[in-house]
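Below is one structure, written out as structure tokens, with a few remarks after it.
The values are calculated or read from the model by the stated rules, or taken from the named source; none is laboratory data. This one's a predicted model, so the numbers in the text were calculated from it and none came from an experiment. Note: ideal-geometry Cβ built from the backbone for every residue, glycine included; neighbour counts use all protein chains shown. Heavy atoms of the whole protein, side chains included, go into the accessibility calculation; ligands, DNA and RNA do not. Shrake-Rupley method; radii C 1.70, N 1.55, O 1.52, S 1.80 Å.
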Amino acid sequence: MNQKGMTRMIKEDLENLRKKAEGELKETKDKQSLENLRIQYLGKKGELTAILKQMRNLPEKERPVIGQHANELRALIEKELTDRATELHEAETAQRLKREKIDVTLPGKRRVLGHRHPLSLELSEIKEIFIGMGFDIVSGPEVEYDYYNFEALNMPKDHPARDTQDTFYITDNILLRTQTSPVQVRTMEKQKPPIRIISPGRVYRSDAVDATHSPLFHQIEGLVVDKDITFSNLKGTLETIIKRMYGEDSVVRFRPHHFPFTEPSAEVDVQCFHCHGEGCRLCKGEGWIELLGCGMVHPKVLTNCGIDPEEYSGFAFGMGLERLVMRKYSIDDMRLFYENDVRFLNQF
Ligand code: DAH
């Protein structure tokens with residue numbers, strides 16, 4: 001081939017490469033194929049480089065002209081590469097925006113917030129009332145010694161009152177506590193008067209489940225011991241508390257009763273806040289609702305705990321939490337507390 005032919009051929013090669021590159025670059029769909037093309041055209045072993053290698057066969061004076069052509073083509077391809085990259089990037093962004101589009105006018109999804117169980121709600125309310133009156137909150141073990149649950153509370157092994165509080169025994173001397181009263185003993189053993197505590201917690205009895213019984217329920221125990229504590233203190237304190245719980249116009253009644261660990265003992269009723277004593281479904285026609293048991297701490301119990309009954313006296317009380325809540329909201333089946341049916345729980 002003569003030199004003229006050579007020049008023409010290189011020109012044609014450059015022109016062909018230009019056409020091919022323009023076509024191929026338009027077709028690219030992603031950054032990777034774009035990069036592959038860059039290497040294919042402009043790389044060290046690329047097509048443009050291959051063409052340029054032939055330039056040394058050209059006459060001296062043709063070289064700058066062809067060289068300029070080649071440089072222009074390189075610049076063109078480079079520009080195409082950048083433009084195409086920008087295009088691809090923009091298309092990708094547009095697509096992502098479309099995909100991730102959110103409609104801010106759509107109504108939001110409200111997160112359903114739960115709330116505390118009615119027993120917990122009532123308990124916190126009661127705790128607040130007692131704390132406001134200077135009581136401390138203490139707790140005791142649910143797995144308890146026979147001694148604390150019965151013996152020290154003046155209920156020796158053969159005491160008939162034990163029959164009403166049968167429970168689950170771990171050994172002859174260890175059981176699931178039937179009442180929160182053992183916390184009285186534990187507190188008096190540890191702490192010298194003045195004592196002013198309440199102790200809420202779980203208690204257990206081997207009762208079959210029905211509308212008013214559960215083998216697990218909750219009590220709140222109260223204990224006040226100091227010099228010169230009298231039955232008037234007991235009445236005044238409990239009346240105040242009951243009025244805080246059920247309203248200032250509540251009418252409270254004390255009935256004589258018997259508990260082995262208090263003497264004298266009483267049960268406390270509140271006049272039915274639904275019918276005001278007339279008799280209705282809530283109070284079962286009685287006009288009164290039984291709330292709790294109480295009494296003056298038995299001298300024997302004080303002695304058992306190392307407190308001299310000649311120097312100190314005290315009163316105690318115990319109430320069932322489930323019962324309080326059932327009365328307050330006219331709930332007639334205790335099982336509702338434990339079944340966790342949200343249709344029930346949502347009402348509080
Ligand atoms: N522990 C008693 C019960 O479970 C309730 C009770 C009554 C507690 C009188 C007391 C009290 O502290 O003084 O039936």
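Restricting attention to the range 322-337, the residues that are open to solvent by less than 80 Å² (accessible area, probe 1.4 Å) and in a helix (DSSP H, G or I) add up to 8. Scan the range 288-301 for residues that are open to solvent by 50 Å² or more (accessible area, probe 1.4 Å) and within 16 Å of the ligand (Cβ to nearest atom) and the total you get is 3.
Residues are listed down the side, and each one gets a yes or a no for (1) open to solvent by less than 60 Å² (accessible area, probe 1.4 Å); (2) among the aromatic types (F, W, Y); (3) away from the ligand (no atom under 16 Å from the Cβ); (4) more than 27 Å from V183 (Cβ to Cβ):
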| position | (1), (2), (3), (4) |
| --- | --- |
| G277 | yes, no, yes, yes |
| E286 | no, no, yes, yes |
| I307 | yes, no, no, no |
| F315 | yes, yes, no, no |
| G320 | yes, no, no, no |
| F344 | yes, yes, yes, yes |
| Q347 | no, no, yes, yes |
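Could you list, in sequence order, the residues of the range 156-188 that are of a type in the set (D, E, K, R), in contact with a helix residue (DSSP H, G or I) (Cβ under 8 Å, 6 or more places away or on another chain) and assigned to a helix (DSSP H, G or I)? Working first, answer last.
Taking the range 156-188 first, the residues of a type in the set (D, E, K, R) are 157-158, 162-163, 166, 172, 177, 186.
Within this subset, residues satisfying the condition of being in contact with a helix residue (DSSP H, G or I) (Cβ under 8 Å, 6 or more places away or on another chain) are 157, 172, 177, 186.
Result: R186, single match.
The set of residues in the range 258-275 that are part of a loop (DSSP other than H, G, I, E, B), within 13 Å of the ligand (Cβ to nearest atom) and either under 21 Å from I331 (Cβ atoms) or open to solvent by 20 Å² or more (accessible area, probe 1.4 Å) (or both) contains only F261. Pairs are defined by a Cβ separation below 7 Å, a sequence spacing of at least 6 or placement on different chains, a first member in the range 5-22 that is buried (at least 17 other Cβ atoms within 10 Å of the Cβ), and a second member that is acidic (D, E); the pairs so defined are T7/E62; L17/E47; A21/E80. Say whether the condition of being under 31 Å from the mean Cα position of the chain (by Cα), open to solvent by less than 10 Å² (accessible area, probe 1.4 Å), within 12 Å of the ligand (Cβ to nearest atom) and of a type in the set (K, R) is met by at least one residue in the range 188-205. For the range 188-205, residues under 31 Å from the mean Cα position of the chain (by Cα), open to solvent by less than 10 Å² (accessible area, probe 1.4 Å), within 12 Å of the ligand (Cβ to nearest atom) and of a type in the set (K, R): absent. Starting from the range 116-132, take each residue that is outside any helix (DSSP H, G or I) and list its partners that are open to solvent by less than 70 Å² (accessible area, probe 1.4 Å) and not small (G, A, S), counting only C-beta distances under 7 angstrom and pairs at least six apart or across chains. Close Cβ pairs (under 7 Å, with a partner that is open to solvent by less than 70 Å² (accessible area, probe 1.4 Å) and not small (G, A, S)) amount to H117/L345.
The residue pairs whose first member lies in the range 151-180 and is closer than 16 Å to L216 by Cα and more than 13 Å from the ligand (Cβ to nearest atom), whose second member is open to solvent by 80 Å² or more (accessible area, probe 1.4 Å) and among the aromatic types (F, W, Y), and whose beta carbons are closer than 7 Å, counting only pairs six or more residues apart or on different chains, are L175/F168; L175/Y169; L176/F168. Sub-8 Å Cβ pairs linking a first residue in the range 307-318 that is free of Cβ contacts under 8 Å to residues at least 60 places away in the same chain to a second residue that is away from the ligand (no atom under 15 Å from the Cβ), at least 6 apart or interchain, are P309/T303, ordered by first then second residue.
Do the conditions hold for I77, that is, is it outside any helix (DSSP H, G or I) and of a type in the set (V, I, T)? Break it down stepwise before answering.
Values: outside any helix (DSSP H, G or I): no; of a type in the set (V, I, T): yes.
So I77 fails the test.
Against the conditions (1) in contact with a Leu (Cβ under 6 Å, 6 or more places away or on another chain); (2) within 11 Å of the ligand (Cβ to nearest atom); (3) under 30 Å from L336 (Cβ atoms), Q184 satisfies every one except (3). Selection of the range 2-59 for residues being in contact with a Lys or Arg (Cβ under 7 Å, 6 or more places away or on another chain) and part of a helix (DSSP H, G or I) yields L25, L34, L42, L48, M55. Against the list (1) in contact (Cβ under 8 Å) with a residue 60 or more places away in the chain; (2) of a type in the set (V, I, T); (3) over 19 Å from I197 (Cα atoms), the condition V342 fails is (1).
A residue that is away from the ligand (no atom under 16 Å from the Cβ), surrounded by fewer than 15 Cβ atoms within 10 Å (Cβ to Cβ), closer than 27 Å to H117 by Cβ and touching a residue at least 40 places away in the same chain (Cβ under 8 Å) can be found somewhere in the range 211-227. Restricting attention to the range 209-231, does a residue exist that is modelled with pLDDT of 95 or more and assigned to a helix (DSSP H, G or I)? Taking every residue of the range 209-231 in turn, at least one turns out to be modelled with pLDDT of 95 or more and assigned to a helix (DSSP H, G or I).
The set of residues in the range 245-257 that are part of a strand (DSSP E or B) and either open to solvent by 70 Å² or more (accessible area, probe 1.4 Å) or of a type outside the set (A, V, I, L, M) (or both) comprises R253, F254, R255, P256, H257.
With respect to F231, is the statement that it is touching a residue at least 60 places away in the same chain (Cβ under 8 Å) and within 16 Å of the ligand (Cβ to nearest atom) true?
Details: touching a residue at least 60 places away in the same chain (Cβ under 8 Å): yes; within 16 Å of the ligand (Cβ to nearest atom): yes.
Here the answer is yes, as F231 does meet what is asked.
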